[in-house]
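FYI, it's all coordinate maths here, none of it is from the lab. Computed from a predicted model, the values in this text were never measured in an experiment. With ideal geometry, Cβ positions are generated from the backbone for all residues, glycine too; neighbour counts draw on all protein chains shown.
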Amino acid sequence: MNANNIARERAFPIVIVGHIDHGKSTLIGRMLHDTNSLPTGKVEELQSSCERRGAPFEWSFVLDALQLERDQAITVDSTQIWFHTENRRYVIIDAPGHREFLRNMVTGAASADAGVIVIDAKQGVSEQTRRHAYLLHLIGVPQVVVAINKMDLVDYSEDRFKTVEGEMQTYLEEIGLTAQAMIPVIAMHGDNLATRSEHMSWYVGPTVSDALDTFPRATAPVERPFRLPVQDVYRQDGRRLIVGRVESGQLQIGSEVSVWPTRRSAKVVSIERWASPGTETVIRAGQSVALTLDDELFIERGHILTLPTAGPRSSNALSVKLFWLSRDPLRQGEYLTLKLATAEYDVVIDSIDTVIDVEDLSRHRGHEVEQNGIAEITLRSRSDITYDLFHDIPTLGRAVLLDGYHVVGGCIIEGGGDIETASRNLTAVPQSVNAYEREAANGYPGAVLWMSGLSGAGKSTLAMALQRELFNRKINVYTLDGDNVRNGLNRDLGFSEEERDENIRRVAEVAKLFADYGTIVISAFIAPTNFVRAQAREIVGDQFHEVFVSADMSVCESRDVKGLYAKARRGEITDFTGISSPWEPPENPDLEVNTGELSLDDSLKKMIAYVEQSILKSAK
């Protein structure tokens, strides 16, 4: 390719990632020098500056746009750096490698067509390396080169190179990324960056620059369906201008467009751009424009203009893959704002479906997502969300999560239609007798007394005594007890964390049905975590009353006629709550009954008093 063609060609965006100590900045600085991409005299200027300061020259100083970076020896912000080979122009999106700055790394890498992963040959594949690789996969960077750096520190060993190469290759294959090349390099001296190394004759593959030149360009957005997120609506000279940036596709005057989510249609009368005088006849992806339509449809910021034949998707529930940035863990039930293109939606974390460990790629169900964690979650909104799948149109399939004005997470949309379709294909049959009629007939409302506490705290004993007392008062009452339920409804469940949570979820659903029928349900389960109790409260709703049956561990053990605590302490029983499995006492129960201090009769009296005051009295 000649120089004129290279100059006219759009620069190929790449992102370079790596652990803070693996030499990423050195690689970039040396690559700029070896491809003659630095301004004339820049290296000499930096060398003179180092001499004045009495510091040795390092190639990483080329990137030190901030004094903070020199002082702390870490890259803080995402910056764009330009270089060229004989065949192509590149723009490097320099993504920070330090764990605390992963937020900037995600922001920078989002627009890259390819990535370079830098690994220290001596240190090998680190947790940070795996995290960066997974993030490149997560945000859709389709192709990568792996530069195994500092080969001089391992005596240019081919065996060491192959060991690191094999480990990284295995990991990339597991997450669905393919490396164009694995290249042994010495960034400090330029070995195998733009020129071949004299020290590693055993390597016959491409240099880094050669490998980058073989990357195909991503599909041009203009070839994808038309999408114009509305930025604003202006009035000018009596005209109504719909303003926004074309994210994909193309459009011409006279075309019919649909407005989402209203799905109303109109024809384009004019197309105008600020950057060029006069009226455009055709617009394409990447252009900011103003349109006028032949009908004054209701349009506002956040709406999407599309062609009627190729519209986006719409659902009130989204399945997304999340990267969590906040120091505070993400938990089910939290309310956040989803910012997607120019639209914002109030969403709730409907479920945390899978938490992914980037080290071994194991997947498990979790109750929360820690900072820098990756998870698959379900978001739900009261209103339908207009979106595209990430692999179809990235700009309409990539979103951020806000807590107030703070970005706390980024996500890509993997589904939503299936969730929506499943829920909409189910039609709840309304009861011919409603809850108010049952309450009027019974003289009291249905309710769920959710009693939780350690094994041996006295839940079942107190529950059965309360059931008898209420039954004697002609009150419709039923007790759901842990052992009884596991002998029937939940006999297919074991005692893993996931199965315990499912056990409680099913019990809550059954309790809700009983309460809707007008029954006072007494539930006696350990329910060891705030998560499962909050889930039960959410399922049952306003009829939920949380009762903490408390007793010291010593009291519970003294009542343990089955010897379960002793077996747990000897390791004969695993996952025993309070010993080998977590126990989280309720934080704000509606009632606490301390059976270690109160007799059974006094505990029962306290329960009866609560039922009379909070449930039976409310019906009078």
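Between the helical axis of 127-138 and the dominant principal axis of the chain, each derived from Cα atoms, what acute angle in degrees is found, rounded to the nearest 10? In the chain, helix 127-138 runs at an angle near 90 degrees to the longest axis.
What separates the Cα centres of region 366-386 and region 579-614 is a distance of 34 Å.
Note that region 441-488 shows a convex hull volume over its alpha carbon atoms of 90 Å³ per residue. 3J(HN,Hα) couplings calculated from phi for region 530-538 with the Karplus curve 6.51 cos²θ - 1.76 cosθ + 1.60 (θ = phi - 60°) are, in sequence order, 4, 4, 5, 6, 5, 5, 4, 4, 5 Hz; Gly and Pro show x. Taking amide H as placed 1.01 Å from N in the peptide plane, the amide H of T479 sits under 5 Å from that of I522, each at least 5 places away or on another chain. Taking amide H positions as modeled 1.01 Å from N, with prolines and chain starts lacking one, the residues under 5 Å from L293 and 5 or more places away or on another chain are V269. What percent does the relative contact order of region 436-619 come to when contacts are Cα pairs within less than 8 Å and at least six residues apart? Once divided by the residue count of region 436-619, the mean separation gives 34 percent. A cut-off under 15 angstrom between Cβ atoms defines the neighbours of T170, and their net charge, with Lys, Arg +1 and Asp, Glu -1, is -4. Amide H contacts of V116: V15, I16, V17, V145, each under 5 Å away and 5 or more positions distant or on a separate chain (H built 1.01 Å from N in the peptide plane; Pro and chain starts excluded). How far is the Cα center of region 226-299 from the Cα center of region 432-493, in Å? The distance from the Cα centre of region 226-299 to that of region 432-493 comes to 60 Å. Converting phi to 3J(HN,Hα) with the Karplus coefficients 6.51, -1.76 and 1.60 and the offset θ = phi - 60°, region 327-337 yields 5, 7, x, 7, 10, 4, x, 6, 9, 9, 10 Hz in sequence order, with x at every glycine or proline.
Sorting 309-317, 44-52, 177-185, 539-547 by average packing, meaning the other beta carbons within 10 Å per residue, from highest down gives 177-185, 539-547, 309-317, 44-52. Note on region 313-423: percent of Cα-Cα distances in each 10 Å bin, starting at 0 and stopping at the bin with the largest distance, equals 16, 52, 30, 3. The Cα atoms of the chain cover 95, 71, 43 Å along the three principal axes, with the biggest extent listed first. On the principal axes of its alpha carbon atoms, region 436-619 extends 54, 35, 28 Å, with the longest extent given first.
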